[in-house]
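The values are calculated or read from the model by the stated rules, or taken from the named source; none is laboratory data. Keep in mind it's a predicted model, so treat the numbers as computed, not measured. Cβ sites come from the backbone with ideal geometry, for glycine too, and all protein chains shown count toward neighbours. When the accessible area is computed, the model is the full protein with side chains, heavy atoms only, and any ligands, DNA or RNA have been set aside. Shrake-Rupley method; radii C 1.70, N 1.55, O 1.52, S 1.80 Å.
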Amino acid sequence: MAKQRHTDDEVEAIARHAMQTALGSPESDIGQARERNLRYYNAEAKGDLAPPEIEDRSDFVATDTADVVEGMLPEFMDMFIAGDAVDITAKRFEDEKSASHVKAWLNHLFMNKMDGVEVTHDWFKDSLIQKVGFVKVWAEEESSDLKQRYEGQSEEALVMLLQDGWELVGEVEQDDAGLSFVVDRLDKKKCIRVCVIPPNEMRVDSNSRWDADPAMIGQCFYKRRFELEQEGFVVEETSSAYGQIEDGETLEMLGEVNDSLGSAPHKSHDLIKVEEVYIKLDQDMDGVAEWVKVCLIDSKLAVYEDGSEAWEQVDDHPYVWVCPIPRPHSFYGDCPADFAIQPQKLRTAVIRAIQDNMYLTVNQRQYVDMDKNVNIPDLLENRPGGIVRGHGPSGVEPIIQPNLGAPAYQFNEFLEQWKENRTGYTRFSAGLDAGSLNNTATGISIVTQRSQLRMKLMGRFLAVGYAKLMKKLLKLSVTYLNQEEMVKINGEYIPINPSHLGTDYGFKVAVGLGTGTKEQQAGRVMGLLQVMQGGAQMGVVKPENMAEAIKLYAEINEFKNPERFVSAPDGQPSPEQIAQGQQALQMQQQQIQEMGGEMQKLAQENEQLKAQMQNKQAETMLKAQGGEVDAQFKAQELALKERE
């Protein structure tokens, strides 16, 4: 029997059942744990932290949970904002240059256009307090209605505006200065949005695991009626949710009273329950389940104004989540707030006992003998130098209040150490312990490094979600953005068209790899520079290699534009160096020319010397030949004389 597509009623029933049985609702155990963590973070004297219902007793509440979260958060922000938490690598050699463009584009998109600092702060803070933090990233069409009035313009200017897409509004007025008119234009463009989602709104499939996509993920939230009408939904007959919202988690998160129990100022401002569900269904019956987006309004399948049902097949769900302390085989793990609650609860009780003990020591309870006619109003008026009137011997005796003393303070110190061991965040990490100055540097370093190991491990788990966010941003950029933007890379502005970047890149987590603190990294780079100087003397290190090491040192110390600290960025000579080289070359050429002239003179002199030598040799030969002739003549003469 052939499979059939799911009907609208079936899709509605599937989505509704999936949301009802999902993890993460405020009524679930996870929701109760999140609300508890928020109460302890707010440190309000209510619930588990409420003081005894006795007048004048201490209502102190310890702030361990808030101290741990607010102490860890800046360090995580520094990891991801000041440094490169995720490194983008090319999978092919020819894509190395484009990988640097992808990294620069994502940094420009997230940090500059989306206020990535605020998003990262809220996202991580949710995860530190409420176990898992969620963000939603999606693309939408942005419309802007522009209207402009021009005065003193020519007809050619009006024609150019109309050709550029502007439309004339009203009549054109003409005077001595020229034409006056009003034009408007509706601009539409695709843009990418990122939003931090409150954890109490999120729902995930009950069989989900933290390291894999769930089979269903959704969001339950409330929107005003006019906002849904603007999106094209039919909500005229939908009932309002005012007076029905009971969400203690939201109230703890906001620290405000529940204003949903009142009434809306107008019907268009009624709050309506909306559920956006992403679930895997084999809708096209090809044997492979695809992501299907379903929109429920008041637990019913939403309907658009054109009569179509609000569900469709999509490429992927838009959510990304992070968990600082994941649990194997579970979607919801733990968070630092979970581990700080028990120490905070005990510390609250201990400090209250110490505070009450101090109060009773200063203002002791009194035993009064009523037979002594003690004046009770005088006794109750406790003021320095006051008197208590009565008859006969003293009828007032103090009830001795035992002093808690050292054991109470020692127990409080034990609670501090217990909290540090459970959360991994120590007073040495925060630099708050003045006594550490009197301890050995080695001991403090060991304690700090152990704490940093746990912080780095949590940071690495956070970076896994951060990398997934970057992947989704890149995919949406390539799909929907097709306009060049100027992006700064290595101090230079380069035009980048996101649609030309591609998505085949690796996202490598660079947090928690044991690289040490920035001070330690800077020290290692300084040692490397010293070694490179020795290599430069041997000719195995080039100037561009030294320039890269200097830029790395500047980057570690968080200096902007490291290229300004070296005269040869990227291994290329600077204009000053080129000019100096040209001048040196010209001087060398002049010297060569001068030397050439001198060589010519020397060559001529050499030729002259050679000629003179040849002449002298010829004269010598002639003289020798003449001497031989004379000797022959003389010999002949002697021979003739002897004959005679």
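If you go through region 262-308 and keep only what is among the hydroxyl-bearing types (S, T, Y), open to solvent by 40 Å² or more (accessible area, probe 1.4 Å) and not in a strand (DSSP E or B), you end up with S263, S308. Quick one: is K97 surrounded by fewer than 17 Cβ atoms within 10 Å (Cβ to Cβ) and either in a helix (DSSP H, G or I) or free of Cβ contacts under 8 Å to residues at least 12 places away in the same chain (or both)? Against the criterion (surrounded by fewer than 17 Cβ atoms within 10 Å (Cβ to Cβ) and either in a helix (DSSP H, G or I) or free of Cβ contacts under 8 Å to residues at least 12 places away in the same chain (or both)), K97 qualifies.
Tell me which residues, restricted to region 262-315, are without any contact (Cβ under 8 Å) to a residue 12 or more places away in the chain and within 12 Å of D8 (Cα to Cα). Across region 262-315, the qualifying residue is only S308. When D205 is evaluated against the numbered criteria (1) out of contact with any helix residue (DSSP H, G or I) (no Cβ under 9 Å at 6 or more places or on another chain); (2) acidic (D, E); (3) over 19 Å from I325 (Cα atoms), which criterion, by number, is the only one it fails? Status for D205: all satisfied but (1). When W138 is tested against the conditions (1) under 34 Å from the mean Cα position of the chain (by Cα); (2) open to solvent by less than 40 Å² (accessible area, probe 1.4 Å), the lone failure is (2). Where strands (runs of 3 or more DSSP E) sit wholly within region 311-384, those with at least 3 residues that are surrounded by 22 or more Cβ atoms within 10 Å (Cβ to Cβ) occupy 319-322. Cβ contacts < 9 Å: first residue free of Cβ contacts under 8 Å to residues at least 24 places away in the same chain, restricted to region 186-198; second residue among the aromatic types (F, W, Y) and open to solvent by 30 Å² or more (accessible area, probe 1.4 Å), any location; separation 6+ or different chain. Result? So the pair list comes out empty. Being among the β-branched types (V, I, T) and at pLDDT 75 or above holds for only one residue in I387, I376, and it is I376.
Cβ-Cβ contacts under 6 Å between residues 6 or more apart (or on different chains), taken from a first residue in region 477-489 that is touching a residue at least 12 places away in the same chain (Cβ under 8 Å) to a second residue that is among the small types (G, A, S) and not in a loop (DSSP other than H, G, I, E, B), are listed as V478/S499; Y480/A139; N482/S499; V487/A104; I489/A104.
The set of residues in region 108-122 being out of contact with any helix residue (DSSP H, G or I) (no Cβ under 8 Å at 6 or more places or on another chain) and part of a helix (DSSP H, G or I) consists of H108, N112, K113, E118, D122. Output yes when any residue across region 131-146 is closer than 30 Å to C335 by Cβ, of a type outside the set (V, I, T) and not in a strand (DSSP E or B), and no when none is. Yes, region 131-146 contains a residue that is closer than 30 Å to C335 by Cβ, of a type outside the set (V, I, T) and not in a strand (DSSP E or B). Taking region 116-135 as the range and being hydrophobic (A, V, I, L, M, F, W, C), farther than 15 Å from V69 by Cβ and open to solvent by less than 40 Å² (accessible area, probe 1.4 Å) as the test, the residues that pass are V119, F134, V135. The residue list V183, V196 contains one member that is at pLDDT below 90, surrounded by 14 or more Cβ atoms within 10 Å (Cβ to Cβ) and not in a helix (DSSP H, G or I), which is V183. Does W166 qualify as being among the aromatic types (F, W, Y), in contact with a Ser or Thr (Cβ under 9 Å, 6 or more places away or on another chain), surrounded by 19 or more Cβ atoms within 10 Å (Cβ to Cβ) and modelled with pLDDT under 90? So W166 does not fit the description; no.
Report, by residue number, each residue of region 304-323 that is closer than 19 Å to F221 by Cβ and among the aliphatic types (A, V, I, L, M). Listed by number, the residues that qualify are A310, V314, V320. Restricting attention to region 39-66, and to residues there that are free of Cβ contacts under 8 Å to residues at least 60 places away in the same chain and part of a helix (DSSP H, G or I), which single residue is nearest to T503 (Cα to Cα)? Among them, the one singled out is A66.
So is Q230 more than 25 Å from P336 (Cα to Cα), at pLDDT 85 or above and out of contact with any helix residue (DSSP H, G or I) (no Cβ under 7 Å at 6 or more places or on another chain) or not? The answer is yes for Q230.
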